[in-house]
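*Asks:* I'd like to ask some things about the structure below.
The values are calculated or read from the model by the stated rules, or taken from the named source; none is laboratory data. In this text the structure is predicted, and so the values were computed from the model without any measurement. For neighbour counting, all protein chains shown are included, and Cβ atoms are generated from backbone atoms with ideal geometry for every residue, glycine included. Heavy atoms of the whole protein, side chains included, go into the accessibility calculation; ligands, DNA and RNA do not. Shrake-Rupley method; radii C 1.70, N 1.55, O 1.52, S 1.80 Å.
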Amino acid sequence: MSDTGRPEGETAAPGRSRVWGTVRALLWGTHEDFTSGSLNRGVLLLAIPMVLEMAGESLFFLVDMAVVSRLGANALAAIALTEAMLAVIYSVAVGLAMSTTAMVARRTGEKDERGAATAAVQAIVLSVGIAAVLGLAGAILAPWLLQAMGGSPEVVAQGTTYARIQLGGMVVIILLFVNNAIYRGAGDPSMAMRSVWLANGINIVLDPVLVFGLWIFPELGLPGAAVATTTGRGIGALYQLWHLSRGERIRVRRSDLQVRWPVIRRLARVSVGGVGQMLVTQVSYIASIRFLSEFGTIALAGYTMAIRVVIFIILPAWGLANAAATLVGQNLGAGKPDRAERAVYLTGFWNMLFMAVVTVVFVAFPGPILAPFAPDPETLDVGVRALRIISYGYIFYAWGMVTMQAFNGAGDTATPTWINIGVFWFFQLPVAALLAFVIGWGETGVFWSFAVAYSLSAVVGLWIFRRGRWKQKVV
């Protein structure tokens, strides 16, 4: 007996029930109202599924890299150059996703279910139209783009088919991003998580099978990785669309299935800022990749290996940042700007603690982390230097992620765009060129430019956020 007179263990059941309820909410969704109640719980319920979603998205690249690394440095370099080109597509996809999350979250906070569903449908219409045009152009221009990016003749020859499949199938990339933005804005990140993991499960199975010709399948080599990834993403996107007609947090009815140009124009207007801010950073990234290509295939492959690991490991940070966007959008829609601001500071604090741990691990153990992905010692050496140097800016970057997503969640996509233009075009690129070519640091100079630029963007972003003009944004 306990000192309360109850049998020992009787009070444990409610605790276990609460824990199981939280786990179930994380995996299968919840009807939680994120405009009231505990902010810590809100951050938890939003961030963890978003982390797992982001982990699934990055797992596409890690699986491709792990499988393709067996084909040699030229294959890895082809992936690096194709990913640099796809970065433009991700800019479009993420920009569309930003406006979609902002609008769906605002309508959800206002308790306008039909308005949220209408925004979702128009976002999909806009996305498919843009993807069709860009996909056709990418498939036709793939070999020329690889060459323009600095690929050697061997890399272009080996990577053209891979690039054509990836670029030509970009509609599934954009749909996967935008559909998940719908679910995040509605406060159902678990659905976004499940769709990405479904797509990943298919990719994990198909990747080695198609690359190496296992079982009854033909050996496709590098193009097999593109077929596997595109197939997985396509099935994931179909699952998302099917679920939109049956969802609980957001459901599209037959009456919502019509083109509404005023909504599309509002989405497009907000998306311009989102696409713009992503394009600014990606143009900077592409230029940096071009700088790295001047130092040879080993430098390019080593950086690619390091950055893929970075993207995967810091996914919890992106999950927290995306949670901030949803909390800001819904609470502004509910007329609670002060609660939206508190959510950002709380999320930023947790993000800073996490990134501090990541920094320690990356600085102390870069070799063991990268060794499984390295095709040779020279590539590993470059990757180790990249991982260490870039990680020095992570504590600042933790706040930068959150504040930028807070602006986006409020629908203020223009502010991050201007910050990115100033920091990346007028600071990072000149610094990279100065350190790499003038001072003579080589690829190490490019790595340092990343660390300093991301730290600067965080400081500027937090200063502007504290001024509070994002609270008046109308979406």
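*Asks:* Excluding A299 itself, what net charge comes from residues whose Cβ is under 11 Å from its Cβ, given Lys and Arg +1 and Asp and Glu -1?
*Replies:* Net charge around A299: -3.
*Asks:* Which percent of the accessible area of the chain is formed by carbon and sulfur heavy atoms (probe 1.4 angstrom)?
*Replies:* 67 percent
*Asks:* So what is the diffusion coefficient of the chain in µm² per second by Stokes-Einstein at 20 °C and 1.002 mPa s, using a Kirkwood Rh over Cα pairs?
*Replies:* 94 µm²/s
*Asks:* By how many nm would the segment from R70 to W463 grow when fully extended, if each residue of separation counts as 0.36 nm and the alpha-carbon distance is taken off?
*Replies:* 136.9 nm
*Asks:* In region 391-442, if every C-alpha pair distance is counted and binned at 10 Å from zero, what percent goes to each bin?
*Replies:* With 10 Å bins starting at 0, P(r) equals 23, 37, 29, 10, 1.
*Asks:* Quick one: net charge around T326, please, counting Lys, Arg +1 and Asp, Glu -1 for every other residue with C-beta under 12 Å from its C-beta.
*Replies:* The answer is +1.
*Asks:* Sort I311, I264, I140 by heavy-atom solvent-accessible area, probe 1.4 angstrom, most to least.
*Replies:* Result, largest first: I140, I311, I264.
*Asks:* Follow-up question, since we're still on this one. With a probe of 1.4 Å, find how much accessible area the chain has per residue, and write the answer as a whole number in Å².
*Replies:* Per residue, the chain has 40 Å² of solvent-accessible surface.
*Asks:* How much FRET efficiency would the formula 1/(1 + (r/R0)^6) give for F426 and R342, where r is the Cβ-Cβ distance and R0 is 30 Å, rounded to 0.05?
*Replies:* 0.35
*Asks:* Ordering W215, W418, W242 by how much accessible area each has at a 1.4 Å probe, largest first, what is the list?
*Replies:* W215, W418, W242
*Asks:* On C-alpha positions alone, give me the angle between the axis of helix 12-28 and the longest principal axis of the chain, in degrees, nearest 10.
*Replies:* It works out to around 50 degrees.
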